[in-house]
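Report on the following structure.
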Amino acid sequence: MVAAGVAAYAAKRFFTADSFYLYGHYRGASVAEIAADKPKFTGSEYCRDCHAERFAEWSKGVHHATERGKAVQCEVCHGAAGGRDAGGLFQHVSTGVDHPASGKLAVPADSRKLCSLCHEKTAGRPAAQPQIVLATHAGTQQCTSCHNPHSPKMIRTAAAPAGRSTDATAGKVASCSGCHGANGISANPAWPNLAGQQSTYLSDALKAYKTGARDNAMMSATAKALGDGDISKIAGYYARLARPRSEAKRAASQANVAACVPCHGAAGISANPAWPNLAGQSKQYLVSALKAYKTGARKNELMAGVAGGLSDAEMDALAEHYASAN
């Protein structure tokens with residue numbers, strides 16, 4: 001028994017690493033080995049060279065408020081840039097795949113689910129943290145419809161200039177200018193310009209949002225707060241503003257343009273006040289509108305028939321044609 005005990009003790013000393021129990025019930029030297037391993041998270045600086053524009057937006061935005069000790073790194077939303085071996089099982093190795101060798105990082109498909117992790121209103125969340133009630137904030141719209149994901153303050157512009165509208169409607173116009181610009185020219189190309197638009201068309205659009213005939217959570221909430229008199233005055237205010245001008249040109253198929261001319265005019269100015277002017281709208285907005293008619297997201301039988309026969313390239317050319325029309 002003594003011999004067996006001596007042999008067991010000798011075996012334990014022989015097979016136990018020198019650094020075992022140095023910090024606890026594990027091999028102490030492994031701490032330094034793990035620290036020297038290729039990190040799973042690489043930090044936002046890693047993204048700078050290939051994504052300079054996005055990095056610049058992030059570094060100047062509220063997600064990089066270093067003065068408040070706040071820095072939401074790229075990998076919080078896009079996932080880790082560094083990988084590990086062994087089929088995803090954790091191993092202390094430095095040979096795991098690395099972006100971009102492993103392909104693109106994930107682009108979140110559901111921003112409502114992602115952004116709400118930090119911004120959904122909860123009882124215990126500090127009041128300094130911007131919070132929203134998901135059910136009433138913007139319906140089912142994605143957060144990225146109104147917010148730049150890399151610098152997520154609302155893309156807003158200055159309020160409407162003094163003296164451009166009547167006192168009775170100044171506040172209403174100011175609420176529109178947050179998205180559509182003080183002069184009716186939107187800062188976000190995904191939203192329509194209102195300057196120089198047909199007043200009847202604008203009135204009809206606001207009434208459609210008010211009744212639910214057109215569906216957009218933010219526009220519906222805005223329109224429901226307006227009386228018919230407010231709608232008429234707001235539409236008239238924007239109709240009187242000068243349309244934006246652009247020098248960009250791109251040849252569009254004459255056949256496609258010809259299909260639009262009877263309703264929207266050769267120069268993008270409609271002869272019927274109930275139909276929208278296309279001249280001076282942003283290309284991105286026009287493309288989005290055509291795609292919405294093609295998929296049925298926006299309802300109009302005539303427009304669905306026109307858009308249904310257009311390819312993405314034809315939509316792109318047609319939108320640029322009217323966006324550059326003066």
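Regarding ASN272, is this residue farther than 15 Å from PRO192 by Cβ and not in a helix (DSSP H, G or I)? Taking the combined requirement at face value, the residue satisfies it.
Looking only at residues of the stretch 284-310 that are open to solvent by 50 Å² or more (accessible area, probe 1.4 Å) and among the hydroxyl-bearing types (Ser, Thr, Tyr), we find that the one that is farthest from ALA213 (Cα to Cα) is SER288.
For the stretch 22-39, indicate whether the set of residues that are open to solvent by less than 50 Å² (accessible area, probe 1.4 Å), modelled with pLDDT of 90 or more and assigned to a loop (DSSP other than H, G, I, E, B) is non-empty. No.
This table checks each residue for (1) of a type in the set (Ser, Thr, Tyr); (2) over 37 Å from the mean Cα position of the chain (by Cα); (3) over 23 Å from CYS115 (Cα atoms).
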residue	(1), (2), (3)
ARG13	no, yes, yes
GLU53	no, no, no
THR66	yes, no, no
LYS70	no, no, no
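Counting just the residues of the stretch 254-283 that are on the phi > 0 side of the Ramachandran plot and surrounded by 21 or more Cβ atoms within 10 Å (Cβ to Cβ), which one comes out farthest from the chain's Cα centre (by Cα)? Looking at the filtered set, the residue picked out is GLY268.
Would you say ALA187 is open to solvent by 50 Å² or more (accessible area, probe 1.4 Å) and modelled with pLDDT under 85? Here the answer is yes, as ALA187 does meet what is asked.
Taking the criterion of being in a helix (DSSP H, G or I) and over 22 Å from the mean Cα position of the chain (by Cα), the residues of the stretch 295-314 that qualify are GLU301, LEU302, MET303, ALA304, GLY305, VAL306, ALA307, GLY308, ALA313, GLU314.
Considered as a group, the residues in the stretch 199-226 that are at pLDDT below 90, open to solvent by less than 40 Å² (accessible area, probe 1.4 Å) and not polar (S, T, N, Q) include one that is farthest from the chain's Cα centre (by Cα), and that residue is LEU226. Exactly one residue among ALA123, ALA127 is of a type outside the set (Phe, Trp, Tyr), closer than 30 Å to MET218 by Cα, at pLDDT below 85 and open to solvent by 90 Å² or more (accessible area, probe 1.4 Å), and that residue is ALA127. Given the condition at pLDDT below 85, surrounded by 15 or more Cβ atoms within 10 Å (Cβ to Cβ) and closer than 30 Å to VAL31 by Cα, answer yes or no: does some residue in the stretch 104-118 qualify? Yes, the stretch 104-118 contains a residue that is at pLDDT below 85, surrounded by 15 or more Cβ atoms within 10 Å (Cβ to Cβ) and closer than 30 Å to VAL31 by Cα.
Let's see how each residue does on (1) free of Cβ contacts under 8 Å to residues at least 40 places away in the same chain; (2) farther than 30 Å from SER175 by Cα; (3) hydroxyl-bearing (Ser, Thr, Tyr):
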| site | (1), (2), (3) |
| --- | --- |
| ASP230 | no, no, no |
| GLY236 | yes, no, no |
| ALA255 | yes, yes, no |
| CYS260 | no, yes, no |
| ALA271 | yes, no, no |
| GLN281 | no, no, no |
| ALA297 | yes, no, no |
| MET303 | yes, no, no |
| ALA325 | no, no, no |
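The values are calculated or read from the model by the stated rules, or taken from the named source; none is laboratory data. This one's a predicted model, so the numbers in the text were calculated from it and none came from an experiment. Because the Cβ atoms are built from the backbone with ideal geometry, glycine has one as well, and the counts that use them run over all protein chains shown. SASA here: full protein model, heavy atoms, side chains in, ligands and nucleic acids out. Shrake-Rupley method; radii C 1.70, N 1.55, O 1.52, S 1.80 Å.
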